[in-house]
1. Residues of the range 60-82 with amide nitrogen under 17 Å from the 7 Å Cα-to-Cβ point of residue 53?
2. Using only helices, what value at 222 nm comes out for the chain when you add -39,500 (n - 2.57) per DSSP H run of length 4 or more and divide by the total residues, to the nearest 500 deg cm²/dmol?
3. Could you check the spin-label model distance between residue 82 and residue 60? Points 7 Å from the Cα along Cα→Cβ, value in nm.
4. Which of the peptides 33-46, 56-69, 16-29 is most tightly packed, and how do the rest follow, judged by the mean count of other Cβ atoms within 10 Å per residue?
5. Take the Cβ-Cβ distance between residue 92 and residue 33 as r, set R0 to 25 Å, and report the resulting FRET efficiency rounded to the nearest 0.05.
6. Just the Cα atoms of the range 1-41: what Rg and Dmax do they give in Å?
7. Evaluate Rg over Rh across the chain, taking Cα atoms for both radii and Kirkwood's formula for Rh.
8. Relative contact order for the range 6-92: what is it in percent, counting Cα pairs under 8 Å that are at least 6 residues apart?
């Protein structure tokens, strides 16, 4: 099994001061419509690319505010990552996530 690249995205100034969490969530709901969605806890969302790739988007929340956004790149997920960067100014954050 091949491990796909993992990217942690965040605003340049961090999530604590980011004012567009709801807009990012709305974008994901619209852009990932038809994807396999899971909400394993009250403060997490996971979207899996339905094309059979290993692409996954993981979002953690504190209330309505995003505190972490991790993307395992593969398939259509790479396009979503690019759109998040362009639309919302998210960039790759330093992380200890293996990938």
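Coordinate-derived values only; no laboratory data. This structure is a prediction, so every number in the text was calculated from the model and none was measured. Heads up, the Cβs are rebuilt from the backbone with ideal geometry, glycines too, and the neighbour counts pull from every protein chain shown.
1. 70-82
2. Numbers: 2 runs with 23 residues, N = 99.
Per the formula, -7000 deg cm²/dmol.
3. With each label point 7 Å from Cα toward Cβ, the separation is 2.9 nm.
4. On the way: 33-46: 12.2, 56-69: 17.1, 16-29: 14.2.
The most tightly packed comes first, giving 56-69, 16-29, 33-46.
5. On the way: r = 25 Å, r/R0 = 1.02.
After rounding, the FRET efficiency stands at 0.45.
6. Using the Cα atoms of the range 1-41, the pair Rg, Dmax is 13.4, 38 Å.
7. Numbers: Rg = 12.6 Å, Rh = 13.6 Å.
Reported Rg/Rh (Cα atoms, Kirkwood Rh): 0.93.
8. On the way: 139 pairs, mean separation 30.7, N = 87.
It comes to 35 percent, rounded to a whole number.
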